[in-house]
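Coordinate-derived values only; no laboratory data. Since this is a predicted model, take the numbers as computed values, not measurements. All Cβ positions, glycine included, derive from the backbone under ideal geometry; neighbour counts span all protein chains shown.
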Amino acid sequence: MRPESALILGGGVAGLAAAYRLLQLAPQCKVTVLEATPRTGGLASSWKCEDFTADLGPHRVYTELPEIKALLPELIASEQAMTVTRRSELLLDGHFYRYPVRATELLRVMGPRRMAALGWSAVAAKTSAPFKNATTYEEAMTAAFGKGAYRLILEPYTRKVWKTPPTELHPEIARVRVSAGGAMRMLKSILSPRSKGQAAPSALSSFTYIRGGAEGLVLSLQRKVRELGGVIETDREVVGFETTNGSVRAVHIKGEPEPRTADLFISTIPITDLVRQLSECHPQDTAIRAAGGLQYLGLVLAGIALRREVMTPNCWLYFPGEELIFNRAYEPRNFDPSMAPPGRTMPVFEVTARWNDPLWQASADDTAKAMLADALKLKLFREDEVEGVFALKVKHAYPLYTLDYQQRLADINDYLSDFDNLLSTGRQGLFNHNNMDHSMLVGMRAAETALASKDNAAREWYESLDQFSHFRIVD
């Protein structure tokens with residue numbers, strides 16, 4: 001396929017990476033990126049709160065993907081890259097543990113009897129059903145860590161984050177996030193502690209961060225697209241499609257009288273919205289039902305401006321206890337001091353929500369006030385140090401992997417294969433919980449598939465999605 005024109009629907013990192021790759025491989029193609037919001041970046045954009053800046057969840061620069069490793073030096077100048085020492089804590093039974101949790105600290109705080117029970121629970125898990133045979137998230141996590149650790153930490157945190165019973169979640173959530181050897185390594189460290197001079201593994205001890213936040217990567221991608229002749233337009237919300245003879249002919253943009261035509265369309269629109277809009281001109285009951293059963297979780301952020309240097313020295317804080325409204329907090333100035341003015345800081349607290357929950361339907365300001373109240377209960381800071389509270393809702397934060405989500409996706413992908421010049425990609429367009437580097441790669445691969453296709457680019461794309469099954473989430 002050698003398109004003369006292409007429309008990229010969505011200006012997050014997947015859409016921008018797709019545009020960049022198209023322009024590299026097909027410089028004759030007129031490429032236009034249409035972003036629905038006033039700014040590009042999607043989940044990698046920055047949140048500006050007066051003098052403070054925060055990511056929508058901090059984005060480390062880390063990848064195991066060769067293509068992205070080769071690309072990153074083009075996008076991140078050496079002076080932009082910062083090495084940050086990782087420090088995180090998890091609140092459990094009133095005690096803040098260093099996270100990832102160290103077995104020695106568990107032993108010291110919980111005592112040998114309780115720790116032994118957790119250890120033997122992990123041993124028992126290894127002799128029962130294997131991790132790979134799990135049919136639910138609960139089975140997978142129990143197989144990985146044992147019933148003791150699962151019930152203590154993982155079960156309540158899972159319910160809290162995913163707003164779903166763990167027995168109703170697909171084990172894929174565990175596969176992309178968990179190393180099944182984790183519990184045994186923890187147990188081994190109790191039974192065979194390191195000698196005093198022996199260092200702990202350093203894989204999680206530090207990471208690279210982009211000075212000023214992840215939006216620096218977005219701006220670099222934008223610049224690359226424009227340097228190659230691409231056009232990026234914001235405030236261009238797609239509200240409908242025109243199809244003919246198995247192809248997409250045009251898209252309708254909110255507020256524009258005439259449709260936009262192109263030879264190729266690469267979409268990062270949430271896949272449920274994409275099916276809904278396509279169904280208006282090309283309905284199919286199976287796809288409509290499948291899309292109706294896929295759910296995204298929303299995210300509410302509360303940025304609490306404080307008149308103090310730091311709230312804690314941590315990058316992340318985790319709160320599995322269901323008595324607190326928030327799931328996690330992060331402090332941007334501990335990633336990059338320039339993200340807050342001198343002598344002040346703005347920790348950001350997060351809570352996930354289903355769209356039909358009162359938590360989501362309440363105003364963002366009200367939810368942020370509830371998070372402030374819980375933070376004050378923990379005495380993380382004093383009330384007289386609070387200068388202000390900022391609130392933000394992110395509607396499509398996480399795809400929810402329920403037990404039937406894979407079959408629903410298969411039905412949708414089969415339907416989308418009918419449109420030979422439309423490829424859905426990215427975190428939202430593939431309903432794939434992934435990291436920033438993964439999103440860039442799936443955008444690039446969509447562009448490559450379209451250009452290499454000699455027949456139905458869409459069908460070739462959806463039949464090739466197993467190539468991304470090795471993705472793992474890195475926290």
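R0 = 51 Å: FRET efficiency of S206 with E280, Cβ-based, nearest 0.05?
Working: r = 50 Å, r/R0 = 0.98.
Taking R0 as 51 Å, the efficiency between S206 and E280 is 0.55.
Run the numbers for D51 and R307: contour at 0.36 nm per residue of separation, minus the present Cα-Cα distance, in nm.
Details: separation 256, 0.36 × 256 = 92.16 nm, distance 1.24 nm.
Result: 90.9 nm gained on full extension.
What is the set of long-range amide H partners of R236 at a cut-off below 5 Å, with H atoms built 1.01 Å from backbone N?
Hits under the 5 Å cutoff: E35, A36, T37.
State, to one decimal in nm, how far the label point of A410 lies from the label point of A70, with both points 7 Å from Cα in the Cβ direction.
Result: 3.4 nm between the two label points.
Go through P156, M371, N356 and say which Cα lies farthest out towards the positive end of the charge dipole of the chain; charges sit on Cβ, +1 for Lys and Arg, -1 for Asp and Glu.
The listed residue farthest towards the positive side: P156.
Can you order the peptides 215-221, 345-351, 248-254, 457-463 by their average number of other Cβ atoms within 10 Å per residue, highest first?
For the peptides 215-221, 345-351, 248-254, 457-463, the packing ranking is 345-351, 215-221, 457-463, 248-254.
In what sequence, highest mean first, do 401-414, 13-26, 33-46, 65-78 appear when ranked by Cβ atoms within 10 angstrom?
13-26, 33-46, 401-414, 65-78
Based on the mean of other Cβ atoms within 10 Å per residue, sort peptides 424-434, 2-12 so the most packed one is first.
424-434, 2-12
With unit charges on the beta carbons (Lys and Arg positive, Asp and Glu negative) and the dipole taken about the Cα centre of the chain, which residue among M311, I266, P347 sits farthest to the positive side?
Going by the charge dipole, the pick is M311.
Taking 60 Å as R0, compute the FRET efficiency from the Cβ-Cβ separation of R382 and T261 and round it to 0.05. Present the calculation step by step, with values, prior to reporting the outcome.
Values: r = 59 Å, r/R0 = 0.99.
The value I calculate is 0.50.
Using r as the Cβ-Cβ distance of Q467 and Q80, and R0 as 30 Å, what FRET efficiency do you calculate, to the nearest 0.05?
0.50
Label point 7 Å out from R226 along Cα-to-Cβ: which residues of the range 22-39 have amide N under 15 Å?
32-35, 39
Can you compute the modelled spin-label distance between E168 and K395, with each label point 7 Å from Cα toward Cβ, in nm?
2.3 nm
Considering only DSSP beta bridges with both partners in the chain, what is the antiparallel share in %, to the nearest 5?
70 percent
Only Cα pairs under 8 Å and at least 6 apart count here; give the relative contact order of the chain as a rounded whole percent.
24 percent
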